[in-house]
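The values are calculated or read from the model by the stated rules, or taken from the named source; none is laboratory data. None of the values given here were measured: they were computed from a predicted structure. Note that each Cβ is placed from the backbone with ideal geometry, even for glycine, and that neighbours are counted across all protein chains shown. Surface accessibility is based on the protein's heavy atoms, side chains included, excluding ligands, DNA and RNA. Shrake-Rupley method; radii C 1.70, N 1.55, O 1.52, S 1.80 Å.
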Amino acid sequence: MKKDFNKYFENTTLDYDINRGIVEKLLLDTLKYDFYGACVDGYHIPLAWDYLEGSGIQVVTVCGFPLGTSGTNSKCAEAFEAIKDGAEEIDAMMNVAAIKDRKFDYIASEVTALADICHSEGVKLKMILETAYLTDDEIVRLCEIGISKNVDFIRDSSGFSRIGATPRTVKLIKDTVGDNCQVKAAGKIWTLAQANELIEAGADIIGTDAAMEIMEEYIATKKED
């Protein structure tokens with residue numbers, strides 16, 4: 001999906017050592033460049049909503065993050081609270097342990113519950129697959145579950161694993177989901193070259209804490225042209 005370059009980015013801060021000042025700067029940068037969204041932890045959703053309400057920029061948060069091993073009821077409660085606080089998109093971490101046990105019915109049931117909560121409130125749902133620990137067959141199976149449950153995005157990484165987004169994995173996901181849902185690439189994306197490779201591979205959205213730097217690199221490149 002070709003669009004204005006700034007609209008590929010979710011400006012993200014999900015580190016441990018953040019505070020209000022860091023998040024406020026992220027939100028101001030998000031407004032400055034009119035990014036697609038800002039992804040913050042649950043604690044900072046009300047702050048993000050205060051800054052972004054009415055801007056058309058999405059307030060995004062995570063649930064079950066970063067391991068995905070909390071129970072379905074806990075994830076649903078977390079998603080419900082996030083939506084109540086102003087989240088417009090939920091990135092939900094899938095349970096790698098359940099996937100490795102081949103409990104795909106469990107994953108499908110969990111995604112159904114989360115999708116019901118999100119979609120009943122007009123909120124988008126992303127499935128986060130920790131692809132660094134998954135086989136291609138597992139990735140495809142999870143994408144097929146996501147399609148069957150009408151998720152809005154498949155996301156390839158939490159950003160906390162040993163490997164972040166790769167063009168190969170993004171392409172595998174995109175080839176599997178086609179036009180049935182969108183693809184979010186996230187994790188260890190720091191340069192314009194990386195962003196362009198991921199977009200070319202099929203990423204519709206890029207989640208990164210380097211969105212501002214990438215955007216400035218893009219603008220400088222355009223000026224040189």
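Which pairs do you get when a residue that is touching a residue at least 24 places away in the same chain (Cβ under 8 Å), found in the range 160-178, comes within reach of a residue that is open to solvent by 50 Å² or more (accessible area, probe 1.4 Å), reach meaning Cβ atoms under 6 angstrom, with the pair 6+ apart or on two chains?
Close Cβ pairs (under 6 Å, with a partner that is open to solvent by 50 Å² or more (accessible area, probe 1.4 Å)) amount to Gly164/Lys188; Pro167/Glu197.
Which of the residues belonging to the range 27-56 are among the hydrophobic types (A, V, I, L, M, F, W, C) and either assigned to a helix (DSSP H, G or I) or out of contact with any helix residue (DSSP H, G or I) (no Cβ under 6 Å at 6 or more places or on another chain) (or both)?
Residues of the range 27-56 among the hydrophobic types (A, V, I, L, M, F, W, C): 27-28, 31, 35, 38-40, 45, 47-49, 52.
If the condition is that a residue be among the hydrophobic types (A, V, I, L, M, F, W, C) and either assigned to a helix (DSSP H, G or I) or out of contact with any helix residue (DSSP H, G or I) (no Cβ under 6 Å at 6 or more places or on another chain) (or both), then Leu27, Leu28, Leu31, Cys39, Ile45, Leu47, Ala48, Trp49, Leu52 are the ones that fit.
Out of all the residues in the range 100-131, which are among the acidic types (Asp, Glu), closer than 12 Å to Lys149 by Cβ and buried (at least 17 other Cβ atoms within 10 Å of the Cβ)? First the steps, then the outcome.
The initial filter retains those residues of the range 100-131 that are among the acidic types (Asp, Glu), namely 101, 105, 110, 116, 121, 130.
With closer than 12 Å to Lys149 by Cβ added as a condition, the list becomes 110, 116.
Glu110, the sole residue that qualifies.
Quick one: what pairs do we get from the range 26-46, first residue of a type in the set (Asp, Glu) and at pLDDT 95 or above, second assigned to a helix (DSSP H, G or I) and open to solvent by less than 20 Å² (accessible area, probe 1.4 Å), C-beta under 9 Å, 6+ apart or different chains?
Matching pairs, first to second residue: Asp29/Ala211; Asp29/Met215; Asp41/Val23.
May I ask you to verify whether Ala220 is touching a Lys or Arg at 6+ places or on another chain (Cβ under 6 Å) and open to solvent by 10 Å² or more (accessible area, probe 1.4 Å)? Working first, answer last.
Details: touching a Lys or Arg at 6+ places or on another chain (Cβ under 6 Å): no; open to solvent by 10 Å² or more (accessible area, probe 1.4 Å): yes.
Considered against the rule, which asks whether it is touching a Lys or Arg at 6+ places or on another chain (Cβ under 6 Å) and open to solvent by 10 Å² or more (accessible area, probe 1.4 Å), Ala220 comes out as no.
Quick one: is Ile83 open to solvent by less than 50 Å² (accessible area, probe 1.4 Å) and in contact with a Leu (Cβ under 9 Å, 6 or more places away or on another chain)?
Judged against the criteria, Ile83 is not a match.
If a residue must be under 19 Å from Glu53 (Cα atoms) and under 19 Å from the mean Cα position of the chain (by Cα), how many such residues does the range 1-37 contain?
18
I'm trying to understand the selection: among the residues of the range 179-217, which are open to solvent by less than 30 Å² (accessible area, probe 1.4 Å) and either without any contact (Cβ under 8 Å) to a residue 12 or more places away in the chain or of a type in the set (Gly, Ala, Ser) (or both)?
Within the range 179-217, Ala185, Ala186, Gly187, Ala195, Ala201, Gly202, Ala203, Gly207, Ala210, Ala211 qualify.
Open to solvent by 20 Å² or more (accessible area, probe 1.4 Å), assigned to a helix (DSSP H, G or I), in contact with a Gly (Cβ under 7 Å, 6 or more places away or on another chain) and not hydrophobic (A, V, I, L, M, F, W, C), is that true of Lys174?
Yes; evaluated as a whole, the condition is true for this residue.
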